[in-house]
Amino acid sequence: MDLGLSVFPIRIMFFLALFPVAFFWLRRVYRILVKRDFSEVALKKGVPPPNAEKYAPYEMAINLIGGVVMVGVIVAVLLGQLDYDTWVAIGGSTLWVKLFASFALGRQAHGLGPGREKKPAPGTDGKV
């Protein structure tokens, strides 16, 4: 089945989307490793944990692996080494695995329980 030019713009958009994704992930690695900035480590609702430095190596590794894979896909596509189905599969899988890994790290860093204690309802003494 040959779709011709109707699919070509979508392929270009997918390919161009790899550039900012790889840039932001590798920029996070640079900020953690060189600048020692832990403000984007293990975020939950946009807030880093109180002990963000403890989780920084894990966040850096997740971003480094994802960024390097994305750059590898970009280079392989530019050199003509990968066909469309292969590079989309690699890029998409890398994106989702990185997102899930960062999400899991953020939940682990902030604790898995509720974020705050529940207050008793007004007009009750809080006893059962």
Name the single residue that is farthest from Gly106 (Cα to Cα) among those in the range 27-65 being part of a loop (DSSP other than H, G, I, E, B) and among the small types (Gly, Ala, Ser). Ser39
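Go through the range 100-128 and count every residue that is surrounded by fewer than 14 Cβ atoms within 10 Å (Cβ to Cβ) and either at pLDDT 95 or above or in contact with a helix residue (DSSP H, G or I) (Cβ under 9 Å, 6 or more places away or on another chain) (or both). Can you show your working first?
Going residue by residue through the range 100-128, those that are surrounded by fewer than 14 Cβ atoms within 10 Å (Cβ to Cβ) are 100, 103-104, 107, 111-128.
Add one more test, that the residue is either at pLDDT 95 or above or in contact with a helix residue (DSSP H, G or I) (Cβ under 9 Å, 6 or more places away or on another chain) (or both), and what stays is 100.
Adding up the residues that qualify gives 1.
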Restricting to the range 38-60, count the residues that are surrounded by 14 or more Cβ atoms within 10 Å (Cβ to Cβ), modelled with pLDDT of 90 or more and over 17 Å from Phe100 (Cα atoms). 0
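The values are calculated or read from the model by the stated rules, or taken from the named source; none is laboratory data. Computed from a predicted structure; not experimentally measured. Cβ sites come from the backbone with ideal geometry, for glycine too, and all protein chains shown count toward neighbours.
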